[in-house]
Amino acid sequence: MSDLSYITEILEELIRIPSPSGYTGPVLERIGQEAAKFGYACERSRAGSLIITVPGRGAGVLGLVAHADTLGAMVRSIRPDGTLAIFSVGGFSMQSIEGSYCRILTRGGRTYTGTVETVSPSVHTYDDARTLERTERNMEVRIDEEVRSREDVEELGIGPGDFISFDPKFVRTESGFIKSRHLDDKASVAVLLGLLSFLAGSGKQPEKTLKILISGYEEVGHGCSFLPPEVEELLAVDMGAVGADLSGDEYRVSICAGDSSGPYDFEMTNRLIRLAQEYGVDYAVDIFPHYRSDVSAARAAGHEIRGALIGPGVLASHGQERTHERALEQTFLLLAAFTGVLEPAVSRQFFRRGMRTECAGDPGAGNAG
């Protein structure tokens, strides 16, 4: 199996695991299992982030970070008619979730399904069905159970503070597009696991020891507030925003030069650009004014680090998102170049070869992923 196939398959699996910010235990456990399968040590920070260690062949420690938490909601209250008022987890427009199927994840371990709608969901019934302002107070979840009152819902074990996960509607097309919610940032988590798969299958080591952090609160702003003290540089692997006057698209890796938290490290960003050019990586450089990352959170927490950001271009971010396999490819190649595990001459043919371990000089070897 090629690493690209592995990346897209593990991406689909991860996307189907509910993980709104604050409810990331199951997905982090699954990612840890996958890293351990490749032979890499895993631990958890006090705040719950997953830390994967990959020994390097030289001195120094490089941090790589992606986040496994997604947008979602919580039950704010139970309304008298048995519908659920919601509390947003992460920043999204109400229009983007209207009509979405969802799961209600109770603190008692039960799961129910439902639909997110406005309080005026039908043009046949409500005069303001089209004009109603789409705000949090005008949205609700209809539970797929026979409930007519608050008491009926409480008997199901549902209550305020329970989590709501939106159905991702994952689709992979024959033309290479991947359409789904939560590509931000599970697409990048899948690319990082693809890197581990390649390292395990090829026997290669990165130039520096890697501390790969998978955070669980990025969508609410404080994901990577903890860093191992030995980390000198931190590269966030997150999504590249697409649209408006931006240069990036769904087929390339984006290099973010600055976002709402300010400019990223000048030297690290220049190094990423030079490597992209040297390795023939299809890339774009952009500024994301409505965006923050785990590097932003780490800096806000007081970490004295150099930081940069890359990621596959994602259309309609924080909505029904879309990217292309080529963006995952290009993100992998730039990541492999930055960590020193791939030669420039190899990179230009890498995915045509199927990303197999023949790149390490063993034509008969298969990939561990």
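The values are calculated or read from the model by the stated rules, or taken from the named source; none is laboratory data. All values reported here derive from a predicted model rather than from experimental measurement. Don't worry about glycine lacking a Cβ; one is built from the backbone with ideal geometry, like all the others, and counts go over all protein chains shown.
In segment 198-218, which residue that is within 28 Å of TYR23 (Cα to Cα) and surrounded by fewer than 24 Cβ atoms within 10 Å (Cβ to Cβ) is nearest to the chain's Cα centre (by Cα)?
From segment 198-218, those within 28 Å of TYR23 (Cα to Cα) are 210-218; that's our starting set.
After this cut, where a residue has to be surrounded by fewer than 24 Cβ atoms within 10 Å (Cβ to Cβ) as well, the list is 211, 217.
On the way: LYS211: 17, TYR217: 11 Å.
Here the residue is TYR217.
Considering only residues that are more than 12 Å from PRO18 (Cβ to Cβ) and part of a loop (DSSP other than H, G, I, E, B), which ones fall in segment 163-194? Write out each step before concluding.
Filtering segment 163-194 for residues more than 12 Å from PRO18 (Cβ to Cβ) gives 169-180, 183-185, 187-194.
Passing the criteria: LYS169, PHE170, THR173, GLU174, SER175, GLY176.
Results for (1) out of contact with any strand residue (DSSP E or B) (no Cβ under 6 Å at 6 or more places or on another chain); (2) buried (at least 16 other Cβ atoms within 10 Å of the Cβ); (3) at pLDDT 95 or above, shown as yes or no for each residue.
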| site | (1), (2), (3) |
| --- | --- |
| GLU12 | yes, yes, yes |
| ARG16 | yes, no, yes |
| GLY25 | yes, no, yes |
| GLU34 | yes, yes, yes |
| SER49 | no, yes, no |
| ILE52 | no, yes, yes |
| ARG57 | yes, no, yes |
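Whether any residue in segment 99-120 is part of a helix (DSSP H, G or I), outside the structural domain of ILE10 (by TED's automatic domain parsing) and touching a strand residue (DSSP E or B) at 6+ places or on another chain (Cβ under 6 Å) is what I want to check.
To start, the set of residues in segment 99-120 that are part of a helix (DSSP H, G or I) comprises none.
Looking through segment 99-120, none of the residues is part of a helix (DSSP H, G or I), outside the structural domain of ILE10 (by TED's automatic domain parsing) and touching a strand residue (DSSP E or B) at 6+ places or on another chain (Cβ under 6 Å).
When you scan segment 230-237, do you find a residue that is in a loop (DSSP other than H, G, I, E, B), more than 14 Å from the chain's Cα centre (by Cα) and under 24 Å from SER254 (Cβ atoms), even just one? Before the answer, list the steps.
The initial filter retains those residues of segment 230-237 that are in a loop (DSSP other than H, G, I, E, B), namely 230-232.
Subset that is more than 14 Å from the chain's Cα centre (by Cα): 230-232.
Okay, now just the ones that are also under 24 Å from SER254 (Cβ atoms), so 231-232.
Yes - at least one qualifying residue is present in segment 230-237.
With the structure loaded, tell me whether PRO206 is assigned by TED's automatic domain parsing to the domain that holds PHE288, without any contact (Cβ under 8 Å) to a residue 40 or more places away in the chain and not in a helix (DSSP H, G or I) or whether it fails that test.
On the way: assigned by TED's automatic domain parsing to the domain that holds PHE288: yes; without any contact (Cβ under 8 Å) to a residue 40 or more places away in the chain: no; not in a helix (DSSP H, G or I): yes.
Judged against the criteria, PRO206 is not a match.
Across segment 144-180, which residue is farthest from the chain's Cα centre (by Cα) among those that are hydroxyl-bearing (Ser, Thr, Tyr) and within 18 Å of HIS318 (Cβ to Cβ)? It would help to see each step written out before you state the result.
Initial filter on segment 144-180 (hydroxyl-bearing (Ser, Thr, Tyr)): 149, 165, 173, 175, 180.
Next, only the ones that are within 18 Å of HIS318 (Cβ to Cβ) stay: 165, 180.
Numbers: SER165: 15, SER180: 12 Å.
Result: SER165.
Anything in segment 94-117 that is crowded, with 18+ Cβ neighbours inside 10 Å and of a type in the set (Asp, Glu)? List them, or say none.
If the condition is that a residue be crowded, with 18+ Cβ neighbours inside 10 Å and of a type in the set (Asp, Glu), then GLU117 is the only one that fits.
As an exercise: evaluate VAL89 against (1) closer than 16 Å to SER165 by Cβ; (2) out of contact with any Pro (no Cβ under 7 Å at 6 or more places or on another chain) and give the number of the one condition it does not meet.
All conditions are met except number (2).
How many residues are part of a loop (DSSP other than H, G, I, E, B), in contact with a helix residue (DSSP H, G or I) (Cβ under 6 Å, 6 or more places away or on another chain) and under 20 Å from GLU329 (Cβ atoms) when one looks only at segment 251-299? Explain how you work it out, then say what you get.
Filtering segment 251-299 for residues part of a loop (DSSP other than H, G, I, E, B) gives 251-252, 260-261, 264-265, 279-282, 289-293.
Narrowing the set further to residues that are in contact with a helix residue (DSSP H, G or I) (Cβ under 6 Å, 6 or more places away or on another chain) leaves 251-252, 261, 279, 281-282.
Subset that is under 20 Å from GLU329 (Cβ atoms): 251-252, 279, 281-282.
Selection size over segment 251-299: 5.
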